[in-house]
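Peer 1: One structure coming up, written as structure tokens, with questions to follow.
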């Protein structure tokens with residue numbers, strides 16, 4: 001299964017070790033920039049939150065158990081280290097421009113590829 | 001960016017048109033079966049909920065705007081039709097076996113490839 005990135009995200013974290021383990025622990029801000037060929041996919045975006053699906057391109061894809069507790073598998077965690085390093089971060093939306101979202105609550109290393117953007121289920125009935 | 005499925009999910013929905021638009025609207029049950037080579041990734045799984053990241057292998061990847069409202073882009077929605085059809089469904093966990101999770105709240109077509117499993121942020125502080 002092949003994905004082309006739809007864009008990238010700029011964040012204050014130069015390396016993965018600087019990035020926090022979950023976006024909702026931080027108020028760090030970032031910018032999602034969607035490639036020109038995908039910009040129409042953002043038309044009409046007016047939601048207060050967005051689910052950023054990104055690719056942890058510097059993650060170790062060979063591990064199946066957690067470094068901190070080898071009795072637990074990676075599927076019990078949200079660590080980026082896993083066979084398919086697809087990561088999910090729900091961010092607050094601060095602003096929208098053509099092909100661009102300014103967001104708060106980022107936890108990815110600067111320049112990480114963005115796979116997808118989705119509307120958030122936050123604040124909706126479950 | 002290339003993903004190999006880590007497994008597949010069985011659901012009651014034979015086709016995508018039978019599948020509901022969001023898992024939390026249904027009590028439908030399914031089974032995630034993780035491939036033997038990835039089964040260690042489920043070691044120690046004991047959470048009440050799981051985020052199933054799956055691949056909508058029958059989705060139209062060529063669309064950027066919504067059929068129901070062409071003024072809105074696909075990134076404002078959670079429709080499977082999008083450039084990279086990576087979908088996210090949070091399910092309740094009913095049981096765990098080796099390489100297998102029984103879950104409730106599925107919305108994928110039967111046999112959809114599973115890309116990843118993650119612990120849920122539900123019930124955690126935000």
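Nothing in this text is a laboratory measurement; each read-out follows from the coordinates by a stated rule. These numbers come from a predicted model, not from an experiment. Positions of Cβ are generated from backbone atoms using ideal geometry, with glycine treated the same way; all protein chains shown enter the neighbour counts.
Peer 1: Quick one: A:6, B:9, B:88, fewest Cβ neighbours within 10 Å first, how do they rank?
Peer 2: Ranked by crowding around the Cβ, least crowded first: B:88, B:9, A:6.
Peer 1: With springs only between Cα atoms under 10 Å apart, run a GNM on chain B and tell me which of B:89, B:16, B:76 wobbles the most.
Peer 2: Taking springs between Cα atoms under 10 Å, the residue moving most is B:76.
Peer 1: Shifting gears a bit: Taking neighbour counts of Cβ atoms within 10 Å as a proxy for exposure, in what order, fewest first, do B:91, B:3 appear?
Peer 2: B:3, B:91
Peer 1: Is the protein assembly as shown rounded, prolate or oblate when judged by the Cα gyration tensor, a ≥ b ≥ c being the square roots of its eigenvalues, rounded requiring a/c under 1.5 and prolate requiring a/b larger than b/c?
Peer 2: Since a/c reaches 1.5 but b/c is at least a/b, the shape of the protein assembly as shown is classed as oblate.
Peer 1: Another question, if that's okay. One decimal, nm, shortest first: give the distances between the label point of residue B:67 and those of the same position in the other copies, each label point 7 Å from Cα along Cα→Cβ.
Peer 2: List, nearest first: 4.6 nm.
Peer 1: For A:8, B:98, what ranking results if the residue with the fewest other Cβ atoms within 10 Å of its Cβ goes first?
Peer 2: Starting with the residue having the fewest Cβ neighbours, the order is B:98, A:8.
Peer 1: Relative to a virtual label point 7 Å from the Cα of residue B:37 in the Cα→beta-carbon direction, which members of the range A:37-79 show backbone nitrogen distances below 18 Å?
Peer 2: A:60-65, A:74-75
Peer 1: I need the calculated FRET efficiency for the pair residue B:104 and residue A:97, taking r as the beta carbon distance and R₀ as 45 Å, to the nearest 0.05.
Peer 2: The pair residue B:104/residue A:97 has a calculated efficiency of 0.65.
Peer 1: Sticking with this structure for a sec: What does the convex hull of the Cα atoms of the range A:7-119 come to per residue, in Å³, rounded to a whole number?
Peer 2: Output value, Cα hull per residue: 97 Å³.
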